[in-house]
1. Highest first, please rank the peptides 28-35, 52-59, 63-70 by the mean number of other Cβ atoms sitting within 10 Å of their residues.
2. Viscosity 1.306 mPa s, temperature 10 °C: what is the translational diffusion coefficient of the range 2-42 from Stokes-Einstein with a Kirkwood Rh over Cα pairs, rounded to a whole number of µm²/s?
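No lab work stands behind these numbers, since they all come straight from the coordinates. Quantities reported herein were computed from a predicted structural model and do not represent experimental measurements. All Cβ positions, glycine included, derive from the backbone under ideal geometry; neighbour counts span all protein chains shown.
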Amino acid sequence: MLLWEIFTLGYMPYPGRSNMDVIDLVTAGGRLDIPDTCPAPISDMMTSCWTRNADQRPSFTDIVLRLQVAAALSLNRLNIVSRNSLNVALVVYSMRVSSIGDVISFIMFFCC
């Protein structure tokens, strides 16, 4: 929800609905529309967080990693051959890691 609020520049989600209406809507599978200003990697992550089955949602470690990869790609901070950057980013994006150090080691291995 926080990312949705950020990318809508602070709009209130589910305007005009009571808390019970929102619970009923979400329980029935209703979801907010992805904001037009939201980049694809972030919108993909948001929708994966909204998956009904909690076991299929990303962990907080995964969320942090996905945000870092999206930021790095948007700022062109990954110093990789351009045709391979997406492949490396996708591998990093899908990794389950125990620490950010693992991600940095992985990126350094492929980039340097």
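1. Top to bottom by mean Cβ count within 10 Å: 63-70, 28-35, 52-59.
2. Estimated diffusion coefficient is 141 µm²/s.
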